[in-house]
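Student: This is the structure I want to talk about, given as structure tokens.
Coordinate-derived values only; no laboratory data. Values in this document were obtained by computation on a predicted structure and should not be read as measured data. Quick reminder, even Gly has a Cβ in these numbers, built from the backbone with ideal geometry, and neighbours come from all protein chains shown.
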Amino acid sequence: MLLRLALRNILAYRKRSIVTIVLGAVSTALLVFSSAWMDGSHQQMIKNAVEIYAGYIQITAEEFRDNPSFDHLLFDVDKLQAEVEGINSVELFSPRFEAFVLFSVHEKAVGGMLTGIDPEKESRLSRLQKSLKEGEYLSKNDTNQLYIGSELARRLKVTLGDELVFVGSGADYSFAADLLIVKGIFQTGLFEFDAGSAFLAKPYFDMIMVSENLATHGIVLPEVPDQADALARKIEQTIGPEYQAASWQQTMAPLVKSMKLDSVFGYITLGIIFTVIFFVVMIYTLLAVFARIREIGIMRAVGTTPKQILTLLFLESSLLGLISVLIGGLIGAVLAYYFYVNPMVFSGMEEQFKQYGLAASAIPTAFEPVTILRDMAVMFVLLLLSTLYPILKVNRYQPIEAIHHV
């Protein structure tokens, strides 16, 4: 009976009901979309950093992460590879050798990282091949063919087929130099990476850098990327104490911490916004409920108990809140899904994005049904709490006092 009466009251006060629903729906849509945008931007940055090149699990010598020098290399890569690929849940292992060198073209010289890779394995481990912008990707039999980042190529003013020289130090600290030819140019979307990275096929790289069967680190591709942290611990136990296996949460700890900190500030901002919304809804509900004091007084006079009136008003608020949350959640979810499929492009803001390590100015939202339902539940509770005070306050009036209320 109270439910039918609550529905009748909602329909009887249509204007107030519509305004309440609109306030709740807009607030819910804003919360759902804001969360999707914040989570999406963070996921994009982490995904870029992990999948573009860094990898899910990195294996190094015990002291290499604290002291990254050629004194702490992986000295028996073939044996290590056999051990790692024999572990369950490991899909692939690939060694890399990174060396800081000086690239030179005519009078122009730029420092950067020259890395020897296995091109075939790297195509499965990272997005280097998929990031091809011009020319061709590397093959295992390439010699002095260079695969270079777009920003580094721009800084050196080289294009496909151009020659450049590099000078650096070999794995045995001997002098290393060679003439290289640009075979391909890539653009990953990570500005700093594109501005300082170039790659050679590892067989040729090993020959000129004296690094055969050596590597600065190895990258492991897990069969289930979400289990990278557990697999890293398993690998470390298997390969022995002279090695370290670290998941991306460890190798990219500063980025993870910055994302968490940014999320905290983001939710604090949302909290401030929704505190304002909370009081706006509460004040509007207070005015709407006070406009019905005489009606409530008459109900009390004919025998309706305070508990029944409290239940009735709470049912009305619950129904309006539920409708608001469903409509707002649907709108927010549709927007989140649309921009998940069609990322937002901020044309003309490339320079600002470069400050965050991104060369691409397109950011998708995150479309996660569980998060959307969580935000809808939070908003529903918030709407109910905002109506609780007005309902309790008006229910304290005595019948005669309520009937004569102006």
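Student: Indicate, rounded to the nearest 5 percent, the antiparallel portion of the DSSP beta bridges found entirely in segment 63-240.
Tutor: Numbers: 31 of 41 bridges.
That works out to approximately 75 percent antiparallel.
Student: Let me ask you something else. If each residue's Cβ is checked for other Cβ atoms within 10 Å, how do Ser139, Ser197 rank with the fewest at the top? List each step's numbers first, then the result.
Tutor: Working: Ser139 11, Ser197 22.
Neighbour counts put them in this order, fewest first: Ser139, Ser197.
Student: Let me have the relative contact order for the chain, percent, based on Cα pairs under 8 Å that are six or more residues apart. Numbers along the way, then the final one.
Tutor: Numbers: 695 pairs, mean separation 107.3, N = 406.
Once divided by the residue count of the chain, the mean separation gives 26 percent.
Student: Taking the mean number of other Cβ atoms within 10 Å as a proxy for protection, how do you rank 185-191, 167-173, 243-249 from highest to lowest? Let's see the in-between values first.
Tutor: Working: 185-191: 22.7, 167-173: 14.7, 243-249: 20.3.
In descending order of packing, they fall as 185-191, 243-249, 167-173.
Student: Can you work out the FRET efficiency for the pair Glu163 and Tyr389, with r the C-beta to C-beta distance and R0 = 60 Å, to the nearest 0.05? Before the final figure, lay out the partial values.
Tutor: On the way: r = 76 Å, r/R0 = 1.27.
That pair, Glu163 with Tyr389, gives E of 0.20.
Student: To continue, here is another question. Would you mind classifying the chain by shape? Square roots of the alpha carbon gyration tensor eigenvalues, ordered a ≥ b ≥ c; an a/c under 1.5 is rounded, otherwise it is prolate if a/b is larger than b/c and oblate if not.
Tutor: Values: a/c = 4.12, a/b = 2.85, b/c = 1.45.
Prolate, since a/c reaches 1.5 and a/b exceeds b/c.
Student: If you don't mind, there's one more thing I want to ask. Which value in nm describes the separation of the simple spin-label points at Phe75 and Glu192, placed 7 Å from the Cα toward the beta carbon?
Tutor: Between Phe75 and Glu192, the simple spin-label model gives 3.2 nm.
Student: Moving to a separate point now. Describe numerically, in nm with one decimal, the distance between label points set 7 Å from Cα along Cα→Cβ at Leu179 and at Glu85.
Tutor: 3.6
Student: Something else: Please arrange Thr311, Thr269 by how many other C-beta atoms lie within 10 Å of their C-beta, fewest to most.
Tutor: Numbers: Thr311 16, Thr269 12.
Starting with the residue having the fewest Cβ neighbours, the order is Thr269, Thr311.
Student: Spelling out what I want: for every residue of segment 326-343, take phi, set θ = phi - 60°, compute 6.51 cos²θ - 1.76 cosθ + 1.60 (Karplus), and round to whole Hz; glycine and proline get x.
Tutor: 5, 5, x, x, 5, 4, x, 5, 5, 5, 4, 5, 4, 7, 6, 7, 10, x
Student: Given R₀ = 60 Å, what would the calculated FRET efficiency be for Gln250 paired with Leu7, taking r from the Cβ atoms and rounding to 0.05? Don't jump to the answer; show the numbers that get you there.
Tutor: Details: r = 56 Å, r/R0 = 0.93.
Step by step, r from the Cβ atoms, then E = 0.60.
Student: Continuing with the same structure: Between 0 and 90 degrees, rounded to the nearest ten: what's the tilt of helix 228-239 against the longest Cα principal axis of the chain?
Tutor: Here the helix axis deviates by roughly 40 degrees.
Student: Note the angle between two axes, namely the Cα long axis of helix 2-12 and the longest principal axis of the Cα atoms of the chain, as a number of degrees from 0 to 90, rounded to the nearest 10.
Tutor: For 2-12 against the chain, the angle is about 90 degrees.
Student: Fully extended, how many nm does the chain gain between Glu63 and Val19 (0.36 nm per residue separation, minus their Cα-Cα distance)? Kindly include the intermediate steps, with their values, before the conclusion.
Tutor: Values: separation 44, 0.36 × 44 = 15.84 nm, distance 6.41 nm.
Taking Glu63 through Val19 to full extension adds about 9.4 nm, to one decimal.
Student: Excluding same-chain residues fewer than 8 positions from Lys79, which aspartates and glutamates have a Cα within less than 18 Å of its Cα?
Tutor: Glu62, Glu91, Asp118, Asp206, Glu212, Glu236, Glu242
Student: Going by a ≥ b ≥ c, the root eigenvalues of the Cα gyration tensor, does segment 111-228 fall in the rounded group (a/c under 1.5), the prolate group (a/b larger than b/c) or the oblate group? Don't jump to the answer; show the numbers that get you there.
Tutor: On the way: a/c = 1.69, a/b = 1.13, b/c = 1.51.
Because a/c hits 1.5 or more and a/b fails to exceed b/c, segment 111-228 counts as oblate.
Student: Counting other C-beta atoms within 10 Å, which of Met207, Met252 has the fewest, and how do the rest follow?
Tutor: Values: Met207 14, Met252 18.
Ordered by Cβ neighbours within 10 Å, fewest first: Met207, Met252.
Student: At a Förster distance of 22 Å, what's the computed FRET efficiency of Leu132 paired with Arg155, Cβ-Cβ distance as r, to 0.05? Can you show the working numbers first?
Tutor: Values: r = 19 Å, r/R0 = 0.87.
FRET efficiency, Leu132 to Arg155: 0.70.
Student: Quick check on the chain: helices-only [θ] at 222 nm, where DSSP H runs of length 4 and up contribute -39,500 (n - 2.57) each and the sum goes over total residues. Nearest 500, please.
Tutor: -17500 deg cm²/dmol, from helical runs alone.
Student: Also, I was wondering about something else. Which part of segment 176-207 falls in the paramagnetic zone of Asn144, meaning amide N under 18 Å from the point 7 Å along Cα-to-beta-carbon?
Tutor: Output list for this probe position: 176-184, 198-207.
Student: Which whole-Hz couplings ³J(HN,Hα) result when phi for each residue of segment 81-95 is put into the Karplus expression 6.51 cos²θ - 1.76 cosθ + 1.60, θ = phi - 60°, listed in order with x for Gly and Pro?
Tutor: For segment 81-95, the Karplus-derived couplings read 4, 4, 5, 5, 6, x, 7, 4, 6, 9, 8, 7, 10, 9, x Hz, x marking Gly and Pro.
Student: Give me the number: length gained by fully extending Phe265 to Glu242, i.e. 0.36 nm times residue separation minus the C-alpha to C-alpha distance, one decimal in nm.
Tutor: Length gained, Phe265 through Glu242: 4.3 nm.
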